[in-house]
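Everything on this sheet refers to the single structure shown next.
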Amino acid sequence: MGCELRKDSKFHGHAGKINLHGEPVWLLKPDTFMNRSGQSVSSLAKYYKIPVENILVVHDELDFEPGDVRLKKGGGHAGHNGLRDIISAMGSKEFLRLRVGIGHPGNSKQVSDFVLTRPSATDRTQIGYAIDDALRVMPDLVDGNIEKAMQALHS
């Protein structure tokens with residue numbers, strides 16, 4: 001999208017702004033540990049007065065195969081510590097989530113190492129396709145057509 005993310009200490013991460021369909025869209029990559037992502041997200045949201053229902057959190061999803069991508073509104077954290085912290089910091093779970101499948105190592109004791117390790121070339125390719133699919137529905141999300149975006153992404 002041609003956006004350069006720049007380090008911004010007040011947001012505890014790298015942030016940038018684009019215009020999509022005439023609407024400002026802030027992009028944020030937290031520099032915090034994953035289990036403190038809420039500090040970063042809430043800082044940007046409070047500064048720009050972004051309502052929680054206008055936030056999209058993109059995160060890895062162990063329960064989906066690489067290349068699977070799903071859009072969801074609200075819900076719990078399902079054990080994801082990043083989501084847990086965002087919910088806590090925002091005081092709400094009513095934000096959108098773009099769940100990008102990364103697969104599962106097969107053993108719960110291997111999850112920490114698995115999510116911190118670079119995916120295989122095949123998995124990276126599949127994850128890249130999922131991201132491309134997600135980018136195609138972003139205009140619908142920005143326009144508030146969540147159901148249309150979900151339908152396009154999930155079919």
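Each value in this text was obtained by applying a stated rule to the coordinates, not by laboratory testing. Model, not experiment: these values are computed from the prediction. As a convention, Cβ positions derive from the backbone with ideal geometry for all residues, glycine included, and neighbour counts pool all protein chains shown.
Just order 16-26, 138-148 by mean Cβ neighbour count inside 10 Å, highest at the front, would you?
On the way: 16-26: 12.9, 138-148: 15.6.
Most protected by this proxy first, the peptides run 138-148, 16-26.
Taking 12 Å as the cut-off, the amide N atoms of the stretch 47-61 that come nearer than this to a point 7 Å along the Cα-to-beta-carbon line of K10 belong to 47-49.
For the stretch 83-93, the Karplus equation 6.51 cos²θ - 1.76 cosθ + 1.60, evaluated at θ = phi - 60°, returns couplings of 5, 4, 6, 5, 4, 5, 5, 8, x, 7, 10 Hz by residue, with Gly and Pro reported as x. So for the stretch 6-154, considering every pair of alpha-carbon atoms, how many percent are separated by more than 24 Å? That fraction is 34 percent. A simple spin-label model places pseudo-atoms 7 Å from Cα toward Cβ; at R36 and E53 they are separated by 3.2 nm. Computed from phi, the 3J(HN,Hα) profile of the stretch 42-48 under the Karplus parametrisation 6.51, -1.76, 1.60 (θ = phi - 60°) reads 5, 4, 5, 4, 5, 4, 9 Hz, with x in place of Gly and Pro. Full extension of the chain between E147 and V115 yields a length gain of 8.5 nm, computed as 0.36 nm times the residue separation minus the alpha carbon distance. Scanning residues 5 or more positions from H14 or on other chains, those with amide H under 5 Å from its amide H are D8, K29, D31, with H placed 1.01 Å from N in the peptide plane.
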